[in-house]
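Here the structure is laid out as structure tokens; the discussion comes afterwards.
The values are calculated or read from the model by the stated rules, or taken from the named source; none is laboratory data. These numbers were taken from a predicted model, which means no experiment stands behind them. Don't worry about glycine lacking a Cβ; one is built from the backbone with ideal geometry, like all the others, and counts go over all protein chains shown.
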Amino acid sequence: MSANNELELEKWKILSRRKIYECAPFLRLEKQVVELPDGRLIDDYHWLQMPDYCVVCAFTNDKRIITLRGYRHGAGRVTSYLPGGLVDKDEEPLIAAKRELLEETGYEVSECQAMGSYIPHGSYGCGRVHLFKATNARKVREPNSGDLEEMVIDIIEFETILNWIRTGRIQSLASMAAIVGSIKGVF
């Protein structure tokens, strides 16, 4: 143990990896053989690689929040969520956030602040989510996302979004993290 009584932890060693499934650029599943620091071997650790994505909590000039509503196949139902999407290869997450906001909502922002990037599932990977808070959003065109799903844009009050989180209308953990971080100044 270190002087501050924290356990000294070591990384696991990846001894081998074998692709089980791949559908680029969306998904890659590997079966890995890993050695734990104490020497134990795990011969079937599954690791999931997914692309980075961004989520934007965008506020209009009158402090309302831009949300989307639509069917989300992962949740199996219609939910509300924040704009966002995949970060293209060699694209900066900030650029992706502004692009996704414009494509999905038709809104541009004058300021967009990074609130950090996080791994959605610490055990299996699953890509990295980049969270942003954007202010002074103004509509400059009609949305043109090219996404598969139909979406409705809702511009809502602060109290409404908190209610949506409490009642489960928002199912996306990344959306909830961006909302809470934006309105509470957590990040």
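Kindly indicate whether any position in the stretch 50-69 is more than 19 Å from S145 (Cα to Cα) and touching a Gly at 6+ places or on another chain (Cβ under 8 Å). Yes, because at least one residue in the stretch 50-69 is more than 19 Å from S145 (Cα to Cα) and touching a Gly at 6+ places or on another chain (Cβ under 8 Å).
Take C23 and decide whether it is outside the structural domain of E150 (by TED's automatic domain parsing) and either closer than 19 Å to P120 by Cβ or free of Cβ contacts under 8 Å to residues at least 60 places away in the same chain (or both). Judged against the criteria, C23 is a match.
Residue-level analysis places L102 outside the set of residues that are buried (at least 18 other Cβ atoms within 10 Å of the Cβ), of a type outside the set (S, T, N, Q) and under 16 Å from R64 (Cα atoms). Of the listed requirements (1) modelled with pLDDT of 95 or more; (2) surrounded by fewer than 18 Cβ atoms within 10 Å (Cβ to Cβ), Y81 misses just one: (2).
Within the stretch 63-77, the set of residues being of a type in the set (S, T, Y) and either modelled with pLDDT under 95 or outside the structural domain of Q171 (by TED's automatic domain parsing) (or both) comprises just one member, Y71.
Only one entry of S80, S123, S110 meets the criterion of being among the polar types (S, T, N, Q) and either in contact with a helix residue (DSSP H, G or I) (Cβ under 9 Å, 6 or more places away or on another chain) or assigned by TED's automatic domain parsing to the domain that holds K31 (or both), and that entry is S80.
Residues in the stretch 105-135 that are in contact (Cβ under 8 Å) with a residue 12 or more places away in the chain, over 16 Å from L94 (Cα atoms) and polar (S, T, N, Q): T105 only.
Of the residues examined, L27 is one that is surrounded by 11 or more Cβ atoms within 10 Å (Cβ to Cβ) and either of a type outside the set (K, R) or out of contact with any Gly (no Cβ under 8 Å at 6 or more places or on another chain) (or both).
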